[in-house]
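Bear in mind these aren't lab numbers, they're just calculated from the coordinates by the rules spelled out. Everything quoted here is computed from the prediction, not taken from an experiment. Virtual Cβ from ideal backbone geometry, glycine too; neighbours counted across all protein chains shown.
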Amino acid sequence: MNDKPNSARVGVVMGSDSDLEPMQGCLETLEEFGIPYELRVLSAHRSPEAAHEYARTAAERGLECLIAAAGGAAHLAGVLASMTPLPVIGVPIQTGTLSGLDSLLSTVQMPGGVPVATVGIGKSGPVNAAVLAAQILARGNPKLREQIDRYKAQLAERVARADKNVRDQNA
Ligand code: RP5
C-alpha cells in the first residue's frame, strides 16, 4: 500500500527507521480503514533539507494529512507543520532515556498558529494517529464515516464483553 505515492492520501513520516516497529499499530490501522499511505524516513535534524522539501510539496502531491513520528528532541512534526497547510498529527515515540516524555513535550508544545495534533506516548498513540487521520479524511466521505462508526461500535462491544466477563467471574 505504501509503494503508490500518487494514490497516497496520508503521509506517514518517521524520524528514523528505529521508529518503524513502534509505528506498526498506525500502519495496520490505516490499512484496516483502507486508507492509502506513503511511508518515509526523514529527520528534522539529520536530513533537514529532505524533510523541508517533503513538507513543502506534500499538499500539491495530493496528500490530505501528515502523521509524523519521532522520539527524543522530537521536532519532526513541528517542522513539517511549519511548512505545509495540511493537518499534522504528531506521534511521540517512547524513548529509553526519558520514557517518551521528552518526545511528547517537544511534539506538543508548539507555538501559537502552528498546531500539531499530538497523540499519546505508548501503543495507543500510533493507533490513535491513524484513527484521527481517518476522521479527518472522513469529512465528505460517507463510506469512511461508516467505517469509523463501525470501528467505534466494535470498541463498545469489546467493553461490553469485558464487562460481562468481569461480572460473571465475580458473581
Ligand atoms: C529521533 O531519534 C527518531 O525519531 C528516533 O525516535 C530517535 C532515535 O533515532 P535513532 O538513533 O534510533 O536513529 O530522531
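Data table
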quantity	calculated
Output for region 12-43, where each listed residue is within 11 Å of the ligand (Cβ to nearest atom) and over 13 Å from ILE93 (Cβ atoms)	LEU42
Filter result (surrounded by 24 or more Cβ atoms within 10 Å (Cβ to Cβ) and within 17 Å of VAL10 (Cβ to Cβ)) within region 82-92	VAL88, ILE89, GLY90, VAL91
Residues (of a type in the set (Phe, Trp, Tyr) and under 14 Å from the mean Cα position of the chain (by Cα)) located in region 33-54	PHE33, TYR37
Output for region 93-118, where each listed residue is among the small types (Gly, Ala, Ser), outside any helix (DSSP H, G or I) and surrounded by 14 or more Cβ atoms within 10 Å (Cβ to Cβ)	GLY100, ALA117
One residue from VAL159, VAL127 being assigned to a helix (DSSP H, G or I) and in contact with a Ser or Thr (Cβ under 7 Å, 6 or more places away or on another chain)	VAL127
